[in-house]
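Beneath this line is the structure, given in structure tokens, with notes to follow.
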Amino acid sequence: QVQLVEAGGGLVQAGGSLRLSCAASGGTFSSYAMGWFRQAPGKEREAVGIINRRGGSTAYADSVKGRFTISRDNAKNTVYLQMNSLKPEDMAVYYCAASQSYSFTASAREYDYWGQGTQVTVSS
């Protein structure tokens, strides 16, 4: 079983930056594609960024493209989400997830393991 623990959430002013991290244990980290998802109150959970097993391919939601960057360090069993130019609409609980699927997609159904989430609050 894979355990995922997010960190780095908090309160930031609009226009500011945060860096989220997700530490994995209990599995072979490099065997999993990883994704960051978020869920705001009253809204569906959505993928914000995904990264393949080796870190060579990434994809982003249109709403965050150019502002967010997903990366991974397989030697540290950690995936990151760098968030710049934050907007109030970015406020949500952010979740880290791991997938063993051969298909590289942003669909939550393809992700097998999930962290508990970390709150990101953006003030205006």
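The values are calculated or read from the model by the stated rules, or taken from the named source; none is laboratory data. Bear in mind the structure is a predicted one, so any value in this text is a computation, not a measurement. Cβ coordinates were reconstructed from backbone atoms using ideal geometry, including for glycine residues, and neighbour counts include every protein chain displayed. These area figures cover heavy atoms from the full protein model, side chains too; ligands, DNA and RNA do not enter into them. Shrake-Rupley method; radii C 1.70, N 1.55, O 1.52, S 1.80 Å.
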Of the conditions (1) within 24 Å of ALA14 (Cβ to Cβ); (2) within 13 Å of the chain's Cα centre (by Cα), ALA40 satisfies every one except a single condition; which number is it? (2)
THR105, sole failed condition from (1) hydroxyl-bearing (Ser, Thr, Tyr); (2) without any contact (Cβ under 8 Å) to a residue 24 or more places away in the chain; (3) in a loop (DSSP other than H, G, I, E, B): (2)
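Can you pull out the residues in region 109-124 that are open to solvent by less than 70 Å² (accessible area, probe 1.4 Å) and assigned to a strand (DSSP E or B)?
Going through region 109-124, the residues open to solvent by less than 70 Å² (accessible area, probe 1.4 Å) turn out to be 110-111, 113, 115, 117-118, 120-123.
If the condition is that a residue be open to solvent by less than 70 Å² (accessible area, probe 1.4 Å) and assigned to a strand (DSSP E or B), then TYR113, THR118, VAL120, THR121, VAL122, SER123 are the ones that fit.
Got a sec? Which of VAL12, VAL93 is under 14 Å from the mean Cα position of the chain (by Cα) and closer than 20 Å to GLY117 by Cβ?
Numbers: VAL12 fails: under 14 Å from the mean Cα position of the chain (by Cα).
It is VAL93.
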